[in-house]
Every structure is written in structure tokens, then in C-alpha cells.
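Input: a single structure, listed below in C-alpha cells.
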Amino acid sequence: MYDTYDISKPYFGLVVTVLILLFARAGGYMIEQTITNDSLSRPQEEHAYLCLYGHFYQPPREDPFTGIIPVEPGATPYANYNEKISAECYRPNAEVGNFEAISYDLGPTLAAWLENAHPEVYRQILAADYQHRMRYGVGNALAQALPPSL
């Protein structure tokens with residue numbers, strides 16, 4: 001029916017815009033087992049739903065004259081921030097199936113970079129959207145304009 005996640009555990013430094021929407025209906029608590037923080041108030045009704053939205057974007061980092069991403073010391077031990085965030089966020093989220101479970105957008109500059117630099121991660125993300133379409137009849141990836149309106 002619905003997938004549930006333990007929100008007390010970190011999910012690989014997921015850099016996302018998170019929208020939390022709680023809707024109440026009759027029945028049992030869906031997220032009762034996952035929300036343990038006493039500072040959070042429980043819904044008075046029987047059902048509660050959690051909606052996560054991921055905004056995955058990396059700006060172009062390539063040198064406009066060489067087309068090469070320069071070494072970025074702040075990204076150590078990785079060569080640049082694209083590699084760092086890929087290793088800490090995009091790859092782990094793709095491997096555990098989060099792209100199949102959440103609504104998200106994948107920026108065009110990031111998608112193009114992933115397709116070239118980490119094609120296996122790019123394929124996992126495409127496969128996750130396909131699996132979501134097969135399961136629910138609609139994909140969960142949203143289009144992002146170029147450039148983003150952030």
C-alpha cells in the first residue's frame with residue numbers, strides 16, 4: 001500500500017526541499033512507529049501521511065573555456081562538489097530506491113553530468129521513475145526548467 005521510512009535515520013545527507021504534509025483519516029496511524037520525537041504532536045485522527053519532495057540540482061561547474069570541472073579543495077576528499085554530492089547523496093539514494101519512493105526533480109545540468117560521469121547512477125534514477133510509472137501509472141519525476149527559478 002504505502003512505503004514507510006524511519007525518519008529518525010539520516011538518508012545520506014539528502015539535500016532536498018522537504019514538504020511535510022499530514023492528512024488525517026479514519027484508520028490506524030501510518031507513521032506512528034516512525035515518529036518518536038516527543039516534540040512532534042500526533043495527529044488526532046487515525047491516518048497520517050508524509051510526503052517528501054526532492055529537489056536535486058547542481059549548477060554547471062565546468063570551466064567555460066576548457067569544459068573541465070576544476071579541482072575544488074572544499075570538496076576534499078573528492079575532486080569537486082559534483083563528485084562529493086554524488087557519492088554522498090545521489091548514488092546512495094539511487095541504490096536504496098529512494099528515487100522510486102519520492103517525488104523529485106532532477107536538474108538538467110545535473111542529469112547531463114550524471115549521464116556522462118556516473119551512467120550507472122543515471123540509469124538507476126531512470127529505472128526508478130519507470131518502476132513508479134509501472135506501479136502507479138504515472139512517473140514521480142518532475143520537469144525542472146533551465147535555469148531553475150531558485
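The values are calculated or read from the model by the stated rules, or taken from the named source; none is laboratory data. All figures in this text were calculated on a predicted structure; none of them were measured in a lab. All Cβ positions, glycine included, derive from the backbone under ideal geometry; neighbour counts span all protein chains shown.
For residues that are surrounded by fewer than 16 Cβ atoms within 10 Å (Cβ to Cβ) and closer than 27 Å to Asp105 by Cα, scanning just region 39-59, find the one that is modelled with the highest pLDDT.
Going residue by residue through region 39-59, those that are surrounded by fewer than 16 Cβ atoms within 10 Å (Cβ to Cβ) are 39-42, 44-46, 49, 51, 59.
Filter once more, so that each one left must be closer than 27 Å to Asp105 by Cα: 49, 51, 59.
On the way: Tyr49: 74, Cys51: 78, Pro59: 87.
The residue in question is Pro59.
Quick one: would you say Ala127 is buried (at least 18 other Cβ atoms within 10 Å of the Cβ), more than 11 Å from the chain's Cα centre (by Cα) and in a helix (DSSP H, G or I)?
Values: buried (at least 18 other Cβ atoms within 10 Å of the Cβ): no; more than 11 Å from the chain's Cα centre (by Cα): yes; in a helix (DSSP H, G or I): yes.
No, not satisfied.
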*asked:* Condition first: touching an Asp or Glu at 6+ places or on another chain (Cβ under 6 Å) and surrounded by 17 or more Cβ atoms within 10 Å (Cβ to Cβ). Now tell me which residues in region 130-145 satisfy that.
replied: His132, Ala141, Gln144
_Looking at (1) in a loop (DSSP other than H, G, I, E, B); (2) touching a Leu at 6+ places or on another chain (Cβ under 8 Å); (3) aliphatic (A, V, I, L, M), which one does Ala145 not meet, given that it meets all the others?_
(2)
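Filter region 101-124 down to the residues that are among the charged types (D, E, K, R) and crowded, with 19+ Cβ neighbours inside 10 Å and list them by number.
Step one: of region 101-124, the residues among the charged types (D, E, K, R) are 105, 115, 120, 123.
Answer for region 101-124, where residues must be among the charged types (D, E, K, R) and crowded, with 19+ Cβ neighbours inside 10 Å: just Asp105.
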*Hey, can you tell me all the residues within region 45-96 that are outside any helix (DSSP H, G or I), under 16 Å from Asn116 (Cβ atoms) and of a type in the set (D, E, K, R)?*
Arg61, Glu62, Asp63
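Tell me, which residue of region 97-118 that is in a loop (DSSP other than H, G, I, E, B) and of a type outside the set (A, V, I, L, M) is farthest from Ala145 (Cα to Cα)?
Just the residues of region 97-118 that are in a loop (DSSP other than H, G, I, E, B), to begin with: 97, 102, 107, 118.
Checking the rest, the ones that are also of a type outside the set (A, V, I, L, M) come to 97, 107, 118.
Values: Gly97: 25, Gly107: 8, His118: 22 Å.
For region 97-118, the residue satisfying everything is Gly97.
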